[in-house]
1. If VAL289 meets every condition in (1) closer than 15 Å to PRO201 by Cα; (2) among the β-branched types (Val, Ile, Thr); (3) assigned to a helix (DSSP H, G or I) apart from one, which number is that one?
2. Against the conditions (1) in a loop (DSSP other than H, G, I, E, B); (2) at pLDDT 95 or above; (3) surrounded by fewer than 24 Cβ atoms within 10 Å (Cβ to Cβ), where does GLY277 fall short? Just the number, please.
3. Please determine, by comparing only the residues of region 192-207 that are assigned to a loop (DSSP other than H, G, I, E, B) and under 8 Å from the mean Cα position of the chain (by Cα), which one is farthest from ALA179 (Cα to Cα).
4. Just one of (1) part of a loop (DSSP other than H, G, I, E, B); (2) under 25 Å from ALA315 (Cα atoms); (3) in contact (Cβ under 8 Å) with a residue 40 or more places away in the chain trips up THR217, so point out which.
5. Could you tell me whether any residue of region 29-47 is closer than 16 Å to VAL124 by Cα, aliphatic (A, V, I, L, M) and surrounded by 12 or more Cβ atoms within 10 Å (Cβ to Cβ)?
6. Quick check, is VAL103 surrounded by 17 or more Cβ atoms within 10 Å (Cβ to Cβ) and at pLDDT 95 or above?
7. Looking only at region 218-241, decide whether some residue is more than 25 Å from LEU39 (Cα to Cα) and among the small types (Gly, Ala, Ser).
8. Condition (residue is assigned to a helix (DSSP H, G or I) and closer than 27 Å to ALA87 by Cα) applied to region 128-137: is it met by at least one residue?
Amino acid sequence: MTGTPHRPAAGVHDPLGPLARRIVDAMAAGFPDPARGPLDAAALRRASRADPPEPESGGATSVDRTVPGPPGAPALPVRIYRPTAPAAGPRPLVVFFHGGGWVLCDLDTHDGLCRQLARRTGAVMVSVDYRRAPEDRFPAAAEDAYAATRWAARHAAELGCDAARVAVAGDSSGGNLAAAVALMTRDRSGPPLAAQVLLYPALDHRLTGRSAADYATGFFHTTAHMRWYWEQYLGPEGDPAHPYAAPGRAADLTGLPPALLVLPACDPLRDEGRAYGRALRRAGVPARVDECPGAFHGFLGAAGVLPAADDALGAVATWFVGTVSDGDVTSR
């Protein structure tokens, strides 16, 4: 069961440029497609597996360890990245949650993105391998993410970081977890956060925005995939309106840290990201929304190949430094 590239019909303008289209088609060609039969978590995980990275590459060193999980839960594997460029003092600290629909991916699949972010922002990155669905459904991943954030903030000095400059970040379902952690730290009087960086986040299970219809197929990540991921994460007993599951449905967004949302134009999730940015601003939270023309869900993984990804990461670094850090940054 493999995916099939979905090209626009003859005579219909393709909003992706030629390079982005080649990348999307190559990704879709080896990935299970819900249009061809029921999805299976094991098959999806095989299709998304990545090779282990070099511990020193991409302008950052890394070390693997475990940190305590929530009470009664297993310890959490994390990978800690430190930029190789020298710093004049304590660095900012970013706790990162990988995407993959709460079902797929791990520390290895997002190693390159974390190294890019560490190098460009000058921050120490703590990438968290949380429990995955359907084996562990909501709230397992959210509680893991919160526990890892508490650990990182408490050990900021040990990591060479400034405890007053702790941020959360994530892509796709990891962006969901970063947004949920921002809510959890506010509600539970957890460690104060300086920022939240939400990269094409999954925020609302209803998928009712126009983008969910306009980009339902043809751009690798489909609306049908996203509906299946939500089903795995919530299960039959989950509450889809719980703000820690679907931050886009949270009734109260006051008191949250400044947010940056990076939204590819050709993404089924684009409109829920737009709506969240508007809701944050209405609640008095500084929120910047960067929309990226010709980009697709997951496009930041193509940094170094796709210029739009490099440009977007540079913009993330510039915003992050201006919001969180007084230090130097390498944004190229």
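1. So VAL289 meets the others, but not (3).
2. Of everything listed in (1) in a loop (DSSP other than H, G, I, E, B); (2) at pLDDT 95 or above; (3) surrounded by fewer than 24 Cβ atoms within 10 Å (Cβ to Cβ), GLY277 misses just condition (1).
3. As a first pass, look at region 192-207 and keep what is assigned to a loop (DSSP other than H, G, I, E, B): 192-194, 200-207.
Right, trim to under 8 Å from the mean Cα position of the chain (by Cα) and you get 200-201.
Numbers: TYR200: 12, PRO201: 8 Å.
Per the stated criteria, the residue is TYR200.
4. Of everything listed in (1) part of a loop (DSSP other than H, G, I, E, B); (2) under 25 Å from ALA315 (Cα atoms); (3) in contact (Cβ under 8 Å) with a residue 40 or more places away in the chain, THR217 misses just condition (2).
5. Going through region 29-47, the residues closer than 16 Å to VAL124 by Cα turn out to be none.
No, the conditions are met nowhere in region 29-47.
6. Working: surrounded by 17 or more Cβ atoms within 10 Å (Cβ to Cβ): yes; at pLDDT 95 or above: yes.
Considered against the rule, which asks whether it is surrounded by 17 or more Cβ atoms within 10 Å (Cβ to Cβ) and at pLDDT 95 or above, VAL103 comes out as yes.
7. We begin by selecting, within region 218-241, every residue more than 25 Å from LEU39 (Cα to Cα); these are none.
Checked against the condition, which is being more than 25 Å from LEU39 (Cα to Cα) and among the small types (Gly, Ala, Ser), region 218-241 yields no hits at all.
8. First, the residues of region 128-137 that are assigned to a helix (DSSP H, G or I): none.
No.
The values are calculated or read from the model by the stated rules, or taken from the named source; none is laboratory data. What you see is a predicted model; the values in this text were computed from it and never measured. FYI the Cβ positions are ideal-geometry reconstructions off the backbone, even for glycines, and counts take in every protein chain you see.
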